[in-house]
1. Somewhere in region 44-61, is a residue closer than 27 Å to ASP214 by Cα, in contact with a strand residue (DSSP E or B) (Cβ under 8 Å, 6 or more places away or on another chain), assigned to a helix (DSSP H, G or I) and among the small types (Gly, Ala, Ser)?
2. Kindly check whether there is at least one residue in region 133-142 that is in contact (Cβ under 8 Å) with a residue 60 or more places away in the chain, in a loop (DSSP other than H, G, I, E, B) and among the β-branched types (Val, Ile, Thr).
3. Taking the options SER97, SER178, name whichever one is surrounded by fewer than 24 Cβ atoms within 10 Å (Cβ to Cβ) and either within 13 Å of the chain's Cα centre (by Cα) or modelled with pLDDT under 95 (or both).
4. PRO192 fails exactly one of the following numbered conditions: (1) within 19 Å of PHE153 (Cα to Cα); (2) within 15 Å of the chain's Cα centre (by Cα); (3) not basic (Lys, Arg). What is the number of that condition?
5. Condition test on GLU226, is it at pLDDT 90 or above, more than 25 Å from ALA115 (Cβ to Cβ) and surrounded by fewer than 23 Cβ atoms within 10 Å (Cβ to Cβ)?
6. Being more than 11 Å from the chain's Cα centre (by Cα), among the small types (Gly, Ala, Ser) and not in a strand (DSSP E or B): is that true of GLY71 here?
7. Given the criteria within 28 Å of PRO192 (Cα to Cα) and not in a helix (DSSP H, G or I), does VAL21 qualify?
8. For ALA31, are the conditions met, namely being part of a helix (DSSP H, G or I) and in contact (Cβ under 8 Å) with a residue 40 or more places away in the chain?
Amino acid sequence: MTTPTNAPAAGPAPATTAVRVVPPAHAARRARRIGPFVLRPFWKIRLHGAEYVPASGPVILAGNHSSFLDGPLIVGLAPRPVHFMVKREMFRGVIGSALHWLGQISVDRHGADRAAIQAALGVLEQGGVLGVFPEGTRSAEDFATMHNGLAYFALRSRAPVVPVACLGAGTRGTTIGSLPRLRARLDVVYGPPIDLGRGTGRKAVAAASEQLRDALRGHIEQARRETGHA
C-alpha cells in the first residue's frame, strides 16, 4: 500500500484531467466488516485514540509501513471505511480481485499516476477516508524518504491528516515468517488531526511535507513510548 511519488503541486486543476473513477463507498465498508473476523482471532489488537478520526467529512489516514500487515490493520479496523492506495503490483490474481472488491485504489509507484490521484481526490470530495503510506513502501519508520503526495492531497482537499502508528506488526519481510507470532500484542495508535489548511504551488507542498514529516515522526515516537513497543 502506497501513495504516488510524483503528485502535481497543489493549485488550479489543469484544463484536462483524467476521468475520476472513484471506488464505491460500500466496497470499503465490506473491508471494515470483514477485518475484525480476519485479524482479531490471530492477534491481540489494541486500538488507541480512535476518537481522533473525525466522525464525518474527508480525512486522510497516514500510517507507518514496516510490515505488510499494516495496511490490513488500518483498513480492517479503522473507525470508518477506508479507501487505501495500494501499489499496482498487488492487483493481480485473487488478491487483486479482492482489493477491487474491497474498494482499494491501485497506484503506480513509479510516476504520477493520474487515475489514482483523481480517484483519491474523488474519495475526499465525497467526504470519505483516504489511507496512504507517505513513504510509498516499507521503511525504517522515520519518514526520511516521504514523498509529497500526502501533502498534495491534504492541501488540495483541505482534509485533515490523522497519523496512524501500527506497532508490533512484524518485520519488513513479505512472507508468513515475517508476521508477528500468534496472539502477539499489536497496537494501532491514532493521533490528533493535522490541519494544513489550503495552499498552492510547489513551495506550499514542500513546506507542508516537512510539517507532516515532523508530526508523523513525533507521533511514532510517542506511540512507542505509550505502548511500550521498542
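1. Yes, there is a match, as at least one residue in region 44-61 is closer than 27 Å to ASP214 by Cα, in contact with a strand residue (DSSP E or B) (Cβ under 8 Å, 6 or more places away or on another chain), assigned to a helix (DSSP H, G or I) and among the small types (Gly, Ala, Ser).
2. The answer is yes, given that some residue of region 133-142 is in contact (Cβ under 8 Å) with a residue 60 or more places away in the chain, in a loop (DSSP other than H, G, I, E, B) and among the β-branched types (Val, Ile, Thr).
3. SER178
4. Status for PRO192: all satisfied but (2).
5. Here the answer is yes, as GLU226 does meet what is asked.
6. no
7. It is false that VAL21 is within 28 Å of PRO192 (Cα to Cα) and not in a helix (DSSP H, G or I).
8. yes
The values are calculated or read from the model by the stated rules, or taken from the named source; none is laboratory data. Fair warning: this is a prediction, and the values are worked out from it, not measured in the lab. Don't worry about glycine lacking a Cβ; one is built from the backbone with ideal geometry, like all the others, and counts go over all protein chains shown.
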